[in-house]
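The values are calculated or read from the model by the stated rules, or taken from the named source; none is laboratory data. Computed from a prediction, not measured in an experiment: that's the story for all the values here. Note: ideal-geometry Cβ built from the backbone for every residue, glycine included; neighbour counts use all protein chains shown.
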Amino acid sequence: MAKRKTVVAKRREALVQKKIEKRSDRHNPVTSEERREDLLNHQLVSLGIMGGYIKYLYCDSTNNVLKKISQSMIMQATKLNNSIVKPPSFKDNIDDWMIDKLTPDNLPFVITADEQTAGRGRQSNTWWTGPGSLALSMLLDAKQHGLKPQTSAQLSLAIGYAAMQALRRITEETLAQVGTTALPNIEIRWPNDVYVNDRKITGILIEMPNTHHAIIGIGVNTNNTAADAPEEIYDRIVTLNDVLCRKIDQDRFIYLLCREIMEILNEFPLQIPQLIEKIEANLYQTGKMVNISCENEQILGNCLGLNPDGSLRVLTETGEKTVVSGVIV
């Protein structure tokens, strides 16, 4: 395990150093990849994501990285003045640099990873991150956005709506390039997934590691393929690459996803009832039979939709029941 962590740390430093060396050498032309990264970073800042973003080659979990950063931010005593924060040098640890750089004024902050070695979902489930997929986490100042543990369920649903909107937009743009208008069916699946053509494409994990910060974690099957997925989930997932038969512009999708998230955060939590109405209109389970495992019971019945607080309405043999949380079997 120690050897694995050392390898990951070296890769992170190598990635950052590679970018710094290229940008500091004025005799080297700026590559198209660097221009795209600079453009995306500028676009995210324009959305209000003041910390911009960092891209990892891979990490254990993007949410785990931000949880560690969150704790370290709270522990550090020094604060930044209005001085310019320089990028990390090859001698610096990228995580230490982020801790120094990030203050409440520099949040939200986004990180992405091309690969996760220990991606997580709800209920201690794992999240498979296939080559080409997107793992994205956003660190937020909880107070700034009125986020509390008791609103995490509604936020998870709302972020699902944001992901659905971004998926629809990137799908439309990608298919328009080849003159196709036949769009796949993209819907929200309670409590925190997005489905495309009856299969899972997106998972969401909201965490509040402390009273100061909240983390939005999103995994999206974009440019990967279900053919690479573990056998136990192969027939339950889908990727945009498989559905569209072509790869999407990942940077463009990151921008669209973050834009939708920021719009949600601007309405949250005051506009929760209105958000729930929008979500209900795009709910995958409405009119379908659902089987939900709760703490003390199994609920089987027909889904009627959502209550204003985001809980699920289920018509069982004994009458209508409200499901606040649970696992869809």
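Worth a mention:
- Evaluation of Phe253 against (1) under 15 Å from Lys200 (Cα atoms); (2) of a type outside the set (A, V, I, L, M); (3) part of a helix (DSSP H, G or I); (4) touching a helix residue (DSSP H, G or I) at 6+ places or on another chain (Cβ under 7 Å) (one fails), failing number: (1)
- Boolean, Gln154 is over 22 Å from Ile111 (Cα atoms) and free of Cβ contacts under 8 Å to residues at least 24 places away in the same chain: no
- For the range 65-117, residues that are modelled with pLDDT under 60 and among the hydrophobic types (A, V, I, L, M, F, W, C) total 5.
The rows are residues; the columns are (1) surrounded by 20 or more Cβ atoms within 10 Å (Cβ to Cβ); (2) β-branched (Val, Ile, Thr); (3) over 18 Å from Trp127 (Cβ atoms).
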{"position": "Asn197", "(1), (2), (3)": "no, no, yes"}
{"position": "Ile201", "(1), (2), (3)": "yes, yes, no"}
{"position": "Thr239", "(1), (2), (3)": "yes, yes, no"}
{"position": "Phe268", "(1), (2), (3)": "no, no, yes"}
{"position": "Ile272", "(1), (2), (3)": "no, yes, yes"}
{"position": "Leu275", "(1), (2), (3)": "yes, no, yes"}
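- Pair list, Cβ < 6 Å and 6+ apart or interchain, from the range 39-50 residues that are assigned to a helix (DSSP H, G or I) to residues that are acidic (Asp, Glu): Leu40/Asp251
- Annotation note: of Arg168, Arg189, Arg236, Arg199, the sole residue that is under 25 Å from Leu47 (Cα atoms) and charged (D, E, K, R) is Arg168.
- Condition met for Glu34 (at pLDDT 65 or above and in contact with a helix residue (DSSP H, G or I) (Cβ under 9 Å, 6 or more places away or on another chain)): yes
- Residue count, the range 167-185 (criterion: in contact with a helix residue (DSSP H, G or I) (Cβ under 6 Å, 6 or more places away or on another chain) and β-branched (Val, Ile, Thr)): 2
- Residue within the range 157-166 that is closer than 16 Å to Leu134 by Cα and either of a type in the set (Val, Ile, Thr) or part of a loop (DSSP other than H, G, I, E, B) (or both) present: yes
- When Ile233 is tested against (1) touching a strand residue (DSSP E or B) at 6+ places or on another chain (Cβ under 7 Å); (2) surrounded by fewer than 16 Cβ atoms within 10 Å (Cβ to Cβ), exactly one condition is not met: (1).
- Every condition in (1) free of Cβ contacts under 8 Å to residues at least 12 places away in the same chain; (2) surrounded by 14 or more Cβ atoms within 10 Å (Cβ to Cβ); (3) within 20 Å of the chain's Cα centre (by Cα) is met by Ile215 except one, and the failing one is (1).
- Which numbered condition Glu173 misses (of (1) touching a Leu at 6+ places or on another chain (Cβ under 9 Å); (2) of a type outside the set (S, T, N, Q); (3) surrounded by 16 or more Cβ atoms within 10 Å (Cβ to Cβ)): (3)
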